[in-house]
Amino acid sequence: QVQLVESGGGLVQPGGSLRLSCVASGIIFSINDMAWYRQAPGKERESVATISAGGRGDYADSVKGRFTISRDNANNTMHLQMNNLKPEDTAVYYCTANILSINVEPFNYWGQGTQVTVAS
């Protein structure tokens, strides 16, 4: 079956940077839209950035100018470059992707999440 695995989370000081990665594996025929979500304690899960199959990215207002989403279709991989991190960026970050596998219709898959903590 299809799996999404995030990596790259950790502890960083305010103003620092992290690069998150999400790798899709399994029987994959194609990947449509992909996205990064995050959920902070006591907060609703929110969309951080989305990227189309053609590479067009869209960002939440809170991260515009600081985060960059990208994808490598040849390796079924997505990245989120996070610069100038703030304490309010602290959350579990999840990747999601709409993937065509052995089913006749694409399906939305989710990773398990990776913790990002921004603190002094």
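The values are calculated or read from the model by the stated rules, or taken from the named source; none is laboratory data. As the structure is a computational prediction, the values presented were derived from the model and not from experiment. FYI the Cβ positions are ideal-geometry reconstructions off the backbone, even for glycines, and counts take in every protein chain you see.
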Worksheet item: Where in segment 40-119 are the strands (runs of 3 or more DSSP E), entirely inside, with at least 2 residues that are of a type in the set (Phe, Trp, Tyr)?
Response: 91-100, 107-110
Fill in: Per-region count, segment 90-120, residues under 15 Å from Ala60 (Cβ atoms) and either among the small types (Gly, Ala, Ser) or without any contact (Cβ under 8 Å) to a residue 40 or more places away in the chain (or both)
1
Worksheet item: Of the conditions (1) at pLDDT 95 or above; (2) more than 10 Å from the chain's Cα centre (by Cα); (3) not hydroxyl-bearing (Ser, Thr, Tyr), Ala49 fails just one. Which one is it?
Response: (2)
Discussion item. Given the criterion hydroxyl-bearing (Ser, Thr, Tyr), surrounded by 13 or more Cβ atoms within 10 Å (Cβ to Cβ), more than 22 Å from Ala119 (Cα to Cα) and at pLDDT 95 or above, identify the matching residue among Tyr93, Tyr109.
Written reply: Tyr109
Worksheet item: Got a number for residues in segment 32-66 being surrounded by 12 or more Cβ atoms within 10 Å (Cβ to Cβ) and either acidic (Asp, Glu) or without any contact (Cβ under 8 Å) to a residue 24 or more places away in the chain (or both)?
Response: 11
Worksheet entry | Of the criteria (1) within 16 Å of Val5 (Cβ to Cβ); (2) touching a helix residue (DSSP H, G or I) at 6+ places or on another chain (Cβ under 9 Å); (3) polar (S, T, N, Q), which one Ser62 fails | (1)
Worksheet item: When segment 1-31 is examined, which residues are found to be buried (at least 17 other Cβ atoms within 10 Å of the Cβ), among the hydrophobic types (A, V, I, L, M, F, W, C) and closer than 19 Å to Thr90 by Cα?
Response: Val12, Leu18, Leu20, Cys22
